[in-house]
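Structure, as structure tokens:
The values are calculated or read from the model by the stated rules, or taken from the named source; none is laboratory data. Not measured: the values here are computed from a predicted model. All Cβ positions, glycine included, derive from the backbone under ideal geometry; neighbour counts span all protein chains shown. Note: accessible area is taken over every heavy atom of the protein model, side chains too, but ligands, DNA and RNA are not part of it. Shrake-Rupley method; radii C 1.70, N 1.55, O 1.52, S 1.80 Å.
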Amino acid sequence: MDINTIRADFPILKQKIYGYPLAYLDSAATSQKPDSVINALSQFYQQNNANIHRGVYYLSESATKAYENARHSVQRFINAPHAKECIFVRSTTEAINLVAQCFGHLRVQPGDEIALSAMEHHSNIVPWQMLCEKKGATLKILPMNQRGELELDTLEHILTPKTKLLAITHASNALGTLNPIKKIIDVAHAHQVPVLVDGAQSTPHLKIDVQDLDCDFFTFSGHKTYGPTGIGVLYGKSRWLESMPPYQGGGEMISHVSFAKTTYNDLPYKFEAGTPAIAEVIALGTALEYIESIGWDFIRNHEQQLLAYATEALSSLPFIKLIGTAEEKIGVISFTMEGVHPHDVGSIVDQYGVAIRAGHHCAMPIMDFFNIPATARASFGLYNTLSDIDQLLQALQEVRKIFKL
Ligand code: PLP
């Protein structure tokens, strides 16, 4: 695989920002889209637009076929046993809210516990807090150490007979930590605790096999996986999904409606009320096929090379402090600069064409743990190069000069 050929697939990367080549280092927030994904969206509206499942005419049938083909692409991509276990939702956020509401409604009683880790994104905290408030349940938090690694020795003590679910991230968006998720799931299952894996940050970077992981639920977002915004996936084992009540009421999720009683549709439609994001689903299928065409070996090796290069270069700068130094990481580097607010770092490097994120990254408990308000964060996608990182390093020297560090 040649990186220049890959970059040529991403039209946005060809532009200059303030006269500099765009060094896009914010793929953890959202990834850029290849031509094939952009074309899938416009092709759908130009040639195939019709509502799905209900039509008896050609366009509707072919749109339905493309939509359901995308579900099979998702099934293959995460190695789900059945396509009906792959539910299309708006995003990881919506997937977690769905499980919190529907699984929570079914399983959680006053006095029960939901276990989370100390490195969760707000979208894997707040839905559980809302559930706990409603049900009189409590949260238990698996702690982490100063490197940003979970303290797995304590997991056995966090899980109790009252624990109804462990909801945990596969990889941290703020620290880059890649958690040993299979081991964590094994421990939870040994305590009869089902596990939801937030795969928003892992799915773009490594092969996901939900059968090998044996997770009960797995979630990811299309827009971080080289696909469109507004589409995400919830995978769930059928036995859970079948026992859960529907998430929203409306068209398509029903089997029969009368004013006296409604019966619900089978999986996956029970959880897909109303007209879904048809074009986005189809383009998500295209994005997953694009990733597979590049290949996991290339993606993992390439991104690990970028991570190693950036980690070494940034750690050698005395004015930079890395936040999140776990042994196993995805391509995410968070850092602070002594005496400079991360927002200033982000704004100044932007002047040199470098797009990084600055803030709490929707992970305020992580910022509290490290006693900082925010970090600057560079994150990599399959299209980044060592010269993107060099451009960041040069721009950081400009920040240093301005703040006389
Ligand atoms: N979980 C993690 C670990 C994330 O990084 C993000 C987004 O940054 C989310 C969940 C939420 O994803 P979305 O905004 O696509 O719903």
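Points to keep in mind about this one:
- Any hit, region 90-107, residues being within 16 Å of Gly285 (Cα to Cα) and at pLDDT 95 or above: yes
- Region 11-21: number of residues that are surrounded by 12 or more Cβ atoms within 10 Å (Cβ to Cβ) and closer than 17 Å to Leu386 by Cα: 3
- Cβ separations smaller than 8 Å between residues 6+ apart or across chains give the following pairs from region 79-97 residues that are of a type in the set (D, E, K, R) to residues that are within 7 Å of the ligand (Cβ to nearest atom): Arg90/Gly232; Glu94/Gly232.
- Residues that are within 10 Å of the ligand (Cβ to nearest atom) and small (Gly, Ala, Ser) within region 190-215 comprise Gly199, Ala200, Ser202, listed in sequence order.
- Subset of region 45-57 that is over 10 Å from Ile278 (Cα atoms) and surrounded by 16 or more Cβ atoms within 10 Å (Cβ to Cβ) - its residue that is modelled with the highest pLDDT: Asn48
- Within region 238-255, the set of residues being in contact with an Asp or Glu (Cβ under 9 Å, 6 or more places away or on another chain), assigned to a loop (DSSP other than H, G, I, E, B), touching a residue at least 60 places away in the same chain (Cβ under 8 Å) and surrounded by 19 or more Cβ atoms within 10 Å (Cβ to Cβ) comprises Tyr247 only.
- Of the residues Asn97, Asn69, Asn79, the single one that is within 16 Å of the ligand (Cβ to nearest atom) and either out of contact with any His (no Cβ under 8 Å at 6 or more places or on another chain) or within 30 Å of Glu156 (Cβ to Cβ) (or both) is Asn97.
- Residues in region 128-158 that are over 20 Å from Pro110 (Cβ atoms), out of contact with any Leu (no Cβ under 7 Å at 6 or more places or on another chain) and among the hydrophobic types (A, V, I, L, M, F, W, C): Leu152 only.
- Exactly one residue out of Ser27, Ser31, Ser60, Ser42 is modelled with pLDDT of 95 or more, among the small types (Gly, Ala, Ser) and surrounded by fewer than 16 Cβ atoms within 10 Å (Cβ to Cβ): that is Ser42.
- Count - residues of region 112-136 that are among the hydrophobic types (A, V, I, L, M, F, W, C), surrounded by fewer than 22 Cβ atoms within 10 Å (Cβ to Cβ) and farther than 27 Å from Val332 by Cα: 2
- Tabulated pairs, region 344-371, first aliphatic (A, V, I, L, M), second open to solvent by 60 Å² or more (accessible area, probe 1.4 Å) and in a loop (DSSP other than H, G, I, E, B), C-beta under 6 angstrom, 6+ apart or interchain: Met367/His360
- For region 160-189, filtered to residues that are in contact with a Leu (Cβ under 9 Å, 6 or more places away or on another chain) and assigned to a helix (DSSP H, G or I), the residue that is surrounded by the most Cβ atoms within 10 Å (Cβ to Cβ) is Ala188.
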